[in-house]
1. Test each condition in (1) of a type outside the set (Phe, Trp, Tyr); (2) within 12 Å of the chain's Cα centre (by Cα); (3) open to solvent by 70 Å² or more (accessible area, probe 1.4 Å) for Arg62 and report the one that comes out false.
2. For Gly15, work out the one condition from (1) of a type outside the set (A, V, I, L, M, F, W, C); (2) in contact (Cβ under 8 Å) with a residue 24 or more places away in the chain; (3) surrounded by 14 or more Cβ atoms within 10 Å (Cβ to Cβ) it doesn't fulfil.
3. Being modelled with pLDDT of 95 or more, open to solvent by less than 60 Å² (accessible area, probe 1.4 Å), under 19 Å from Asp1 (Cβ atoms) and part of a strand (DSSP E or B) narrows it down to one of Val39, Val34, so name that one.
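The values are calculated or read from the model by the stated rules, or taken from the named source; none is laboratory data. Owing to the predicted nature of the structure, the values given are computational and were not obtained by experimental measurement. Neighbour counts are summed over all protein chains in view; Cβ atoms, including those assigned to glycine, are modelled from backbone coordinates with ideal geometry. Note: areas computed on protein heavy atoms with side chains; ligands, DNA, RNA excluded. Shrake-Rupley method; radii C 1.70, N 1.55, O 1.52, S 1.80 Å.
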Amino acid sequence: DAASGRVASAWRMTGTHTGEFPAGAPISGNAFSVLGTDVWEVDAEGRAISVHAYYDSLVLLRAIGLA
């Protein structure tokens, strides 16, 4: 959106829960797949100023066995 200086991009995050996430949580070894969207704010030259990531954290927590 050139008028507001924003760019959006959809993505899919996949992996296996092999690290301590969230902090203090037990490692499950479960696979996960989560859809999300990044919204980038850009300046007049198209350079990134900020990014906000949006995804359903409950989907992730359920997939790794924490919800």
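1. Among (1) of a type outside the set (Phe, Trp, Tyr); (2) within 12 Å of the chain's Cα centre (by Cα); (3) open to solvent by 70 Å² or more (accessible area, probe 1.4 Å), Arg62 violates only (2).
2. (2)
3. Val39
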